[in-house]
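Okay, so here's the structure we're looking at.
The values are calculated or read from the model by the stated rules, or taken from the named source; none is laboratory data. Keep in mind that this is a model prediction, so the values were computed, not measured. Glycine also receives a Cβ, built like all others from the backbone with ideal geometry; neighbour counts cover every protein chain displayed.
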(Lines give C-alpha, C1' and ligand atoms only; values in the text may rest on other atoms or scores of the structure.)
Protein backbone atom coordinates (compact mmCIF):
# COMPACT_ATOMS: atom_id res chain seq x y z
CA UNK A 1 0.00 0.00 0.00
CA UNK A 2 1.20 3.53 -0.74
CA UNK A 3 0.06 6.58 1.16
CA UNK A 4 0.86 10.04 -0.19
CA UNK A 5 -0.50 13.42 0.80
CA UNK A 6 -1.87 14.60 -2.52
CA UNK A 7 0.09 17.34 -4.23
CA UNK A 8 2.86 17.74 -1.64
CA UNK A 9 6.01 18.25 -3.70
CA UNK A 10 7.26 21.83 -3.19
CA UNK A 11 10.93 22.39 -3.97
CA UNK A 12 13.51 22.60 -1.18
CA UNK A 13 11.32 20.98 1.50
CA UNK A 14 12.05 17.80 3.37
CA UNK A 15 10.42 14.56 4.43
CA UNK A 16 11.83 13.28 7.74
CA UNK A 17 11.80 9.59 8.70
CA UNK A 18 12.08 9.15 12.50
CA UNK A 19 13.17 5.79 13.92
CA UNK A 20 12.41 4.47 17.41
CA UNK A 21 16.10 4.71 18.35
CA UNK A 22 15.86 8.53 18.04
CA UNK A 23 17.58 8.92 14.66
CA UNK A 24 16.06 10.67 11.68
CA UNK A 25 16.86 10.88 8.00
CA UNK A 26 15.63 13.50 5.58
CA UNK A 27 14.73 13.34 1.90
CA UNK A 28 14.17 16.24 -0.48
CA UNK A 29 10.79 16.62 -2.12
CA UNK A 30 12.52 17.55 -5.35
CA UNK A 31 13.46 13.83 -5.48
CA UNK A 32 9.71 13.10 -5.49
CA UNK A 33 9.75 10.37 -2.82
CA UNK A 34 6.86 7.92 -2.69
CA UNK A 35 6.16 5.80 0.39
CA UNK A 36 5.04 2.19 -0.08
CA UNK A 37 3.81 0.06 2.82
CA UNK A 38 3.69 -3.69 3.16
CA UNK A 39 2.81 -5.77 6.21
CA UNK A 40 6.38 -5.58 7.54
CA UNK A 41 8.15 -2.61 5.97
CA UNK A 42 7.96 0.89 4.61
CA UNK A 43 9.76 1.54 1.31
CA UNK A 44 10.75 5.05 0.29
CA UNK A 45 11.36 5.23 -3.45
CA UNK A 46 12.33 7.97 -5.90
CA UNK A 47 14.08 8.13 -9.26
CA UNK A 48 17.43 8.28 -7.46
CA UNK A 49 17.03 5.90 -4.49
CA UNK A 50 15.11 3.08 -2.82
CA UNK A 51 15.27 2.71 0.98
CA UNK A 52 13.43 0.09 3.05
CA UNK A 53 12.64 0.47 6.76
CA UNK A 54 11.24 -2.32 8.98
CA UNK A 55 7.95 -1.02 10.39
CA UNK A 56 8.92 -2.10 13.91
CA UNK A 57 11.86 0.34 13.83
CA UNK A 58 9.82 3.39 12.72
CA UNK A 59 8.39 6.04 15.00
CA UNK A 60 6.86 8.51 12.53
CA UNK A 61 7.42 10.59 9.43
CA UNK A 62 7.01 14.36 9.31
CA UNK A 63 7.40 17.27 6.94
CA UNK A 64 9.43 20.38 7.63
CA UNK A 65 7.80 23.48 9.09
CA UNK A 66 7.59 25.28 5.75
CA UNK A 67 4.72 23.10 4.56
CA UNK A 68 1.19 23.91 5.64
CA UNK A 69 -0.32 20.56 4.73
CA UNK A 70 -2.22 19.30 7.74
CA UNK A 71 0.38 16.57 8.13
CA UNK A 72 1.77 18.44 11.12
CA UNK A 73 -1.68 18.01 12.68
CA UNK A 74 -1.44 14.29 11.89
CA UNK A 75 1.82 14.06 13.81
CA UNK A 76 0.57 16.15 16.73
CA UNK A 77 -2.33 13.70 17.13
CA UNK A 78 -5.08 16.19 16.36
CA UNK A 79 -6.13 13.43 14.00
CA UNK A 80 -4.42 10.29 12.76
CA UNK A 81 -4.71 7.80 9.96
CA UNK A 82 -3.12 4.40 10.49
CA UNK A 83 -3.10 1.65 7.92
CA UNK A 84 -2.13 -1.89 7.12
CA UNK A 85 -2.85 -4.09 4.13
CA UNK A 86 -6.47 -4.73 5.19
CA UNK A 87 -7.73 -1.62 7.02
CA UNK A 88 -7.52 2.15 7.32
CA UNK A 89 -7.94 3.44 10.88
CA UNK A 90 -9.11 7.02 11.43
CA UNK A 91 -8.70 8.41 14.96
CA UNK A 92 -9.22 11.73 16.73
CA UNK A 93 -11.39 13.22 13.99
CA UNK A 94 -14.44 15.30 14.80
CA UNK A 95 -17.45 13.12 15.64
CA UNK A 96 -19.37 11.98 12.55
CA UNK A 97 -16.72 13.25 10.10
CA UNK A 98 -17.28 12.10 6.54
CA UNK A 99 -14.64 9.84 4.93
CA UNK A 100 -14.89 9.10 1.20
CA UNK A 101 -12.98 6.59 -0.92
CA UNK A 102 -12.67 7.14 -4.68
CA UNK A 103 -11.19 5.08 -7.50
CA UNK A 104 -8.44 6.69 -9.55
CA UNK A 105 -11.09 7.42 -12.19
CA UNK A 106 -12.95 9.60 -9.67
CA UNK A 107 -15.76 7.10 -9.06
CA UNK A 108 -16.99 7.27 -5.47
CA UNK A 109 -16.92 3.75 -4.02
CA UNK A 110 -17.56 4.36 -0.32
CA UNK A 111 -18.81 7.06 2.03
CA UNK A 112 -18.45 6.43 5.75
CA UNK A 113 -18.71 8.49 8.94
CA UNK A 114 -16.58 8.39 12.03
CA UNK A 115 -18.40 7.43 15.20
CA UNK A 116 -19.31 9.67 18.14
CA UNK A 117 -15.65 9.49 19.26
CA UNK A 118 -14.26 10.49 15.86
CA UNK A 119 -12.93 7.02 15.01
CA UNK A 120 -13.51 4.67 12.08
CA UNK A 121 -12.06 1.32 11.05
CA UNK A 122 -12.49 0.97 7.29
CA UNK A 123 -11.86 -2.38 5.62
CA UNK A 124 -10.03 -2.24 2.29
CA UNK A 125 -9.80 -6.03 1.90
CA UNK A 126 -12.41 -6.13 -0.86
CA UNK A 127 -10.73 -3.43 -2.95
CA UNK A 128 -8.92 -4.61 -6.07
CA UNK A 129 -5.30 -3.64 -6.59
CA UNK A 130 -4.92 -0.08 -7.80
CA UNK A 131 -4.78 3.60 -6.92
CA UNK A 132 -7.41 5.03 -4.56
CA UNK A 133 -8.10 8.44 -3.04
CA UNK A 134 -9.20 8.93 0.56
CA UNK A 135 -10.85 12.27 1.18
CA UNK A 136 -11.57 13.45 4.70
CA UNK A 137 -12.90 16.81 5.81
CA UNK A 138 -9.30 17.67 6.76
CA UNK A 139 -7.00 16.15 4.13
CA UNK A 140 -6.86 14.16 0.89
CA UNK A 141 -4.58 11.13 0.48
CA UNK A 142 -3.71 8.70 -2.27
CA UNK A 143 -2.93 5.07 -1.64
CA UNK A 144 -2.14 2.13 -3.84
CA UNK A 145 -3.31 -1.31 -2.86
CA UNK A 146 -0.76 -3.82 -4.10
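Counting only residues that are within 10 Å of residue 88 (Cβ to Cβ) and assigned to a strand (DSSP E or B), which one in the range 112-131 is farthest from the chain's Cα centre (by Cα)?
Quick first cut of the range 112-131, residues within 10 Å of residue 88 (Cβ to Cβ) only: 112, 120-124.
From the residues that got through so far, the ones that are assigned to a strand (DSSP E or B) too are 112, 120-123.
Values: 112: 18, 120: 15, 121: 15, 122: 14, 123: 16 Å.
Going through the qualifying residues, I end up with 112.
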- [ ] Among the numbered conditions (1) on the phi > 0 side of the Ramachandran plot; (2) modelled with pLDDT under 75, tell me where residue 66 comes up short.
- [x] (1)
Open item on the list: Step by step: first the residues of the range 1-46, then only those that are at pLDDT 75 or above and on the phi > 0 side of the Ramachandran plot, then the one that is surrounded by the most Cβ atoms within 10 Å (Cβ to Cβ). Which residue is that?
Closed with: 32
Task: Qualifying residues in the range 132-146 (those that are touching a residue at least 60 places away in the same chain (Cβ under 8 Å) and part of a loop (DSSP other than H, G, I, E, B)) - the one farthest from the chain's Cα centre (by Cα) - done: 146
- [ ] Hey, can you tell me all the residues within the range 29-49 that are under 13 Å from residue 61 (Cα atoms) and not in a strand (DSSP E or B)?
- [x] 33
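What do you reckon, is residue 93 surrounded by 14 or more Cβ atoms within 10 Å (Cβ to Cβ) and at pLDDT 80 or above? Don't jump to the end; show me each part of the working.
Numbers: surrounded by 14 or more Cβ atoms within 10 Å (Cβ to Cβ): yes; at pLDDT 80 or above: yes.
Yes, satisfied.
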Task: Out of 106, 118, sole residue that is on the phi > 0 side of the Ramachandran plot and surrounded by 15 or more Cβ atoms within 10 Å (Cβ to Cβ) - done: 118
